[in-house]
1. How large is the Kirkwood hydrodynamic radius of the chain, in angstrom, based on all distinct alpha carbon pairs?
2. With axes computed from alpha carbons, what is the tilt in degrees of helix 71-86 against the longest principal axis of the chain, rounded to the nearest 10 within 0 to 90?
3. What is the dipole size for the chain, taken about its Cα centre, with +1 at each Lys and Arg Cβ and -1 at each Asp and Glu Cβ, in debye to the nearest 20?
4. Probe of 1.4 angstrom, ligands and nucleic acids ignored: what's the accessible area per residue over the range 14-95, in square angstrom?
5. What number, in percent, do you get for the relative contact order of the chain if the mean sequence gap of Cα pairs under 8 Å and at least 6 apart is divided by its residue count?
6. In degrees from 0 to 90, rounded to the nearest 10, what is the angle of the helix 14-27 Cα long axis to the longest principal axis of the chain?
7. Looking at this model, which pairs from Lys19/Lys62; Lys19/Lys56; Lys2/Lys59; Lys3/Lys48 are more than 20 angstrom apart at the alpha-carbon?
8. In Å³ and rounded to a whole number, note down the convex hull volume per residue for the Cα atoms of the range 8-50.
Amino acid sequence: MKKFIILIPLYNDWKSVSKLLDEIDLQILHWDSEISVIIVNDASTEEKSGLNKNFKKIKSIKILNMKENRVHQRCIAAGLKYISNNEDFDWVIVM
């Protein structure tokens, strides 16, 4: 079984990322794969909300917190480095 990690950089838009995760979970429902999500929080000033859901297909959601706002490209780079060093995966999908 293939292991996918979906990497999402995020700054202050927890409501939208919650909707995005719902849609991802719906679209991957019939994949014969293990799907995990890593969100790189770019020092958001808003409180997290809406991520405490039970998904049908998404196995796990991890949140990496940046200490300072570094824009999305830096968050993607930090996320890819984290994934490369710490996760077991076959494919990474950057959103």
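1. On the way: mean 1/r = 0.0737 Å⁻¹.
About 13.6 Å, per the Kirkwood formula over Cα pairs.
2. 50 degrees
3. Working: 14 positive and 13 negative charges, 19 e Å.
Using only the charged Cβ atoms, the result is roughly 100 debye.
4. Working: 5620 Å² over 82 residues.
On a per-residue basis, 69 Å².
5. Values: 156 pairs, mean separation 40.6, N = 95.
43 percent.
6. Once rounded, the angle reads 10 degrees.
7. Numbers: Lys19/Lys62 16 Å; Lys19/Lys56 14 Å; Lys2/Lys59 13 Å; Lys3/Lys48 26 Å.
Flagged as over cut-off: Lys3/Lys48.
8. Details: hull volume 2.7 nm³, N = 43.
Once divided by residue count, the hull of the range 8-50 is 62 Å³.
The values are calculated or read from the model by the stated rules, or taken from the named source; none is laboratory data. This is a predicted model, so every value here is computed, not measured. With ideal geometry, Cβ positions are generated from the backbone for all residues, glycine too; neighbour counts draw on all protein chains shown. In case anyone asks, the SASA skips ligands and DNA or RNA and just uses the protein heavy atoms, side chains included. Shrake-Rupley method; radii C 1.70, N 1.55, O 1.52, S 1.80 Å.
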